[in-house]
Every structure is written in structure tokens, then in C-alpha cells.
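What follows draws every value from the coordinates through simple rules; no lab data is involved. A quick note: this is a predicted structure, and the numbers were derived from the prediction, not measured. Glycine gets a Cβ as well: all are built from the backbone with ideal geometry, and neighbour counts include every protein chain shown.
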């Protein structure tokens, strides 16, 4: 009895401890696949955009909270940039890959969705709405994005990330 309990506890510990690592690998695999499909000539070296004291307030205005890091990693080839960004849906982060070409969103893909509700935002019928979107006015998309019933917070998260990617793209294109 004691021996079987010990094996049960060891097995459960292995499962629990291995789960975060498995999720991290899944997220990295999704990011890698997204980047490979975003650049025809191979994935360029990643670059870093530091969130300076001038950028932080603008990013905070877009997200409605402070960005959790001092820098944002991105990939660039000419005027094409790719961004892998996280935003909280209701409780958990949603990881989104966004490709911007010549100041417009060319592709938006949900890479990792961790919430139990609102998962419909992962589908093409929803993400297609962002293709071609631009920022003619600061912090505002040039189009209305239709929501999904029951996924309001996830929809808002994706809108914020789309605006953020376009805004950050404008900054790196000026460098």
C-alpha cells in the first residue's frame, strides 16, 4: 500500500513538473513555425526595441496597462516585421504572432490560447478581419473589428496587440 502510494505520488509529481515545460515547448514550436512561414528567405536574426521613457506612456495607452518588460523582440526583413506578443484575455495570456508589411497587417495568428472561453478568436474567420489594417490615427485601427459573443476580453486583447504591433512597426521603420 505504501509502495503504491509512493509510486502514485512520484508519477503525479513528474506529470505536474513536466507540464509547464511541455507548454513552453509547445509555445516555442508555434512561434518558430509562425516565423518560418512569415519570411520566405528564412528567419532573420531577432532584434530588440527598447521601451524608452518616450515609448512607455504610448504603449501603456494602447494596452491600458504598463508593458511587463523593458524591451520587445521582433524580426525584420526590409519593411516586413514580425512580432510575437502576449496580452491577458480574461485571466491568462494569449500569445499572438503579427506580421506587418509596409505599415499594414499582413497576417495575425493566435499562437497559444490558454483561456477556457473565447477560443473562437483563434479561427481564420475572426483573424482575417485584421488583414490590411493600418493605424491612420494614433492608437486606432482603420476598421471596425466584429466581436464574438462570449469572447469580449479575448477580442479586446487581439485588437490591442494589433494596434501595438502597428505602432511598434512605425517606430522601427523610422530607425
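Structure notes:
- Each of the peptides 133-139, 115-121 was scored by the mean count of other Cβ atoms within 10 Å over its residues; in descending order, highest first, they stand as 115-121, 133-139.
- The fewest-to-most ranking of 161, 153 by surrounding Cβ atoms within 10 Å reads 153, 161.
- FRET efficiency estimate (nearest 0.05) - Cβ-Cβ, residue 117 to residue 54, R0 30 angstrom: 0.20
- When the helices of the chain are scored as -39500 (n - 2.57) per DSSP H run of n ≥ 4 and the total is divided over every residue, the value at 222 nm lands at -14000 deg cm²/dmol.
- Sorted on the mean count of surrounding Cβ atoms within 10 Å across their residues, most packed first, peptides 162-168, 38-44 read 162-168, 38-44.
- Estimated distance in nm for a label pair at residue 102 and residue 73, the labels positioned 7 Å out from Cα along Cα-to-Cβ: 3.0
- The chain - Kirkwood radius from inverse mean 1/r over Cα pairs (Å): 17.5
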